[in-house]
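The values are calculated or read from the model by the stated rules, or taken from the named source; none is laboratory data. Just so it is clear, the model here is predicted, and its values are computed rather than measured. Glycine gets a Cβ as well: all are built from the backbone with ideal geometry, and neighbour counts include every protein chain shown.
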Amino acid sequence: MSGSARALARTLARPVALLLTLLAAWGVWRHREAVTASLQALRDPPVWTLMALPLATAASILLGGVILKRLLRDRPLPLLDLVSLNAAATLFNLLPLKPGLVGRVAWQRRYQGVPVGTSIRVALAAISLSGGVLAIAVASLLAGRATGLPGAAILAVAAVLLGVLTLAPRVGRVAELLWWRSLDLGAWTLRILAGFAALGTDLSGESAVALACVAMATGLIPVVGSALGVREWVIALLAPSLAGVEWEQALAAEIVARGAEVAVVALSGGAGAWRLWRVASRHGGPAADASAEHPAR
């Protein structure tokens, strides 16, 4: 794609992303009575949901940093810096166009000496890991439906097998990365379960995993990704067929979960941005490309 074509794509992407986010917000406002009625059940949520919702989001942020560390294992980058970078990027990715990803690439190039090409390959690898785990999850759910066994249990066994395969000499690294990403899917599943349980609805393990797959897949959508309002409507529209619940109830549950998520992301992202600012101020200038010092193995 030529430079002019990329510029045109970025120019068109901005209004499209903003329009989709505004439409999602308008949809919530238009059906506010039905959503408000579902939210009435939030008056006395189970105590465990109040703990699980923020912990699930915090776990995803931490796991994202760990996966970034493992993908850049040939570079001596502190794990705390990468977790802080992922937290700050997650905060800005609540906006359309995923500005957090762009900021992460720019920061790593300037202060960690990671070439842009390497950062892009790492981002694509992370997307591939999500796709691989989603494929395993969908296959597990389908196997459960075909055999009558719990699909969530089959997925748990698959995760254990991935853990065992990390010891294998040839496929160990890929298995390890998929295992870390499967833990991230587990955090998403906990988030879904807690969000519905807070409103008095107990989902089956299979339904929670299915909606967690939807949530994770939505984050992979170009331009909008995890922008506010988009994931809520995707889950609400698919919940009746995947989990057998009314869309209003699913939307209310996702709003509750998103509220806890935004609170955690704001705190962790703010703390991460502050740490990155401290690192940048101590650094004093652009880092040299470390590729020559730490060649790929």
Go through Leu85, Leu91, Leu95, Leu155 for me and flag whichever is more than 21 Å from Leu68 (Cα to Cα), buried (at least 20 other Cβ atoms within 10 Å of the Cβ), in contact (Cβ under 8 Å) with a residue 40 or more places away in the chain and of a type outside the set (Asp, Glu).
Leu155
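Within region 237-284, track down each residue that is hydroxyl-bearing (Ser, Thr, Tyr) and within 19 Å of the chain's Cα centre (by Cα). Walk me through how you get there before you give the answer.
First pass over region 237-284, keeping only residues hydroxyl-bearing (Ser, Thr, Tyr): 241, 268, 281.
Once the filter is applied, which keeps residues that are hydroxyl-bearing (Ser, Thr, Tyr) and within 19 Å of the chain's Cα centre (by Cα), region 237-284 yields only Ser268.
Going residue by residue through region 96-116, is there one that turns out to be touching an Asp or Glu at 6+ places or on another chain (Cβ under 7 Å) and assigned to a loop (DSSP other than H, G, I, E, B)? Steps first, answer last, please.
Here is the first cut: in region 96-116, the residues touching an Asp or Glu at 6+ places or on another chain (Cβ under 7 Å) are 113, 115.
When the remaining residues are screened for being assigned to a loop (DSSP other than H, G, I, E, B), the result is 113, 115.
The answer is yes; a qualifying residue exists.
Quick check on this structure: which one of Val160, Val122 is within 18 Å of the chain's Cα centre (by Cα) and not hydroxyl-bearing (Ser, Thr, Tyr)? Please lay out each step first, then the result.
Numbers: Val160 fails: within 18 Å of the chain's Cα centre (by Cα).
One residue alone meets the criteria, Val122.
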If Glu232 passes every condition in (1) modelled with pLDDT of 90 or more; (2) in contact with a helix residue (DSSP H, G or I) (Cβ under 8 Å, 6 or more places away or on another chain); (3) in a helix (DSSP H, G or I) but one, which one does it miss?
(1)
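Return the only residue of Leu97, Leu79, Leu50 being at pLDDT below 80, within 28 Å of Ser182 (Cα to Cα) and not small (Gly, Ala, Ser). Step through it out loud before you land on a result.
Numbers: Leu79 fails: at pLDDT below 80; Leu50 fails: at pLDDT below 80.
Unique residue meeting the criteria: Leu97.
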Which numbered condition trips up Arg278, out of (1) outside any loop (DSSP other than H, G, I, E, B); (2) modelled with pLDDT of 90 or more; (3) surrounded by 14 or more Cβ atoms within 10 Å (Cβ to Cβ)?
(3)
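Please work out which residue is nearest to Arg173 (Cα to Cα), limiting yourself to region 59-77 and to residues that are of a type in the set (D, E, K, R) and in a loop (DSSP other than H, G, I, E, B).
Arg73
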Name the pairs whose Cβ atoms lie under 8 Å apart, with the first residue in region 70-81 and touching a residue at least 40 places away in the same chain (Cβ under 8 Å), the second surrounded by 13 or more Cβ atoms within 10 Å (Cβ to Cβ) and β-branched (Val, Ile, Thr), and 6 or more positions between them or separate chains?
Leu71/Val122; Leu72/Val114; Leu72/Thr118; Leu72/Val122; Arg75/Val114; Asp81/Val279
Does Gly132 satisfy being farther than 17 Å from Thr57 by Cα, under 17 Å from the mean Cα position of the chain (by Cα) and in a helix (DSSP H, G or I)?
yes
Residues in region 139-149: is at least one in contact (Cβ under 8 Å) with a residue 12 or more places away in the chain and among the polar types (S, T, N, Q)?
yes
If the requirement is being surrounded by fewer than 20 Cβ atoms within 10 Å (Cβ to Cβ) and closer than 26 Å to Leu72 by Cβ, which of these qualifies: Leu162, Leu220?
Leu220
